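This report concerns only the one structure given below.
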Amino acid sequence: MIACFTAFSQEEIKPTLRNSGASGTSPSPTTVQPISTSTKVISKSKTVTISKRAGEPQRVHDAAYYQQEIAVIDNNLSAIDQKVAFVNGNPQEKLEAESNGWFQQMEGIKTQLNTKKTDLQEKLAKL
């Protein structure tokens, strides 16, 4: 039988700082200036690639992307309209929705969605 033992040390290794000045003084802290680089977006065949967070794939914002996003918004607007029609058809739910301010919330959401849709349509028209 062969046994293998491995020992791990949990000591913290601290780097030593060297100072070229007098031996009695501690090294002075230095500041690092961040280097700013300009990002240039070049449009090839009317597409714009936008980076996402680390680990997420890049998304290409072309005509198909904007059309898909507009379709999602249209679907959400349609769902809200159907739900409002359903609630209006049921007197008990209509009374409860009116007392909770649900109709006002739905109008606010529809306004936000329409604003976003208009923005996407403008970006699509610029392509």
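Readers should treat all values here as calculations from the given coordinates under stated rules, not as data from a laboratory. No experiment lies behind these values; they were computed from the predicted model shown. Cβ: placed from backbone, ideal geometry, glycine included. Neighbour counts: every protein chain shown.
With neighbour counts taken as other beta-carbon atoms within 10 Å, the residues ASP62, ASP119 rank, fewest first, as ASP119, ASP62.
The stretch between VAL72 and ALA125 holds 17.3 nm of extra length on full extension. This uses 0.36 nm per residue minus the Cα-Cα distance.
For region 62-126, taking the reciprocal of the average inverse distance between every pair of different Cα atoms yields a Kirkwood hydrodynamic radius of 13.0 Å. Between HIS61 and VAL48, THR49, ILE50, the built amide H atoms are under 5 Å apart, and every one of these is 5 or more places off in sequence or on another chain.
Arranged from fewest to most other beta-carbon atoms within 10 Å of their beta carbon, PHE103, PHE86 become PHE86, PHE103.
Taking 0.36 nm per residue of sequence separation and removing the Cα-Cα distance, the ALA79/GLN58 pair yields an extension gain of 4.6 nm. Sequentially through region 86-91, phi angles give Karplus couplings (6.51, -1.76, 1.60; θ = phi - 60°) of 5, 5, 5, x, 10, x Hz, Gly and Pro residues having no value and appearing as x. If you take all other residues with their beta carbon under 15 Å from the beta carbon of ILE73, and give Lys and Arg +1 and Asp and Glu -1, the sum is -1.
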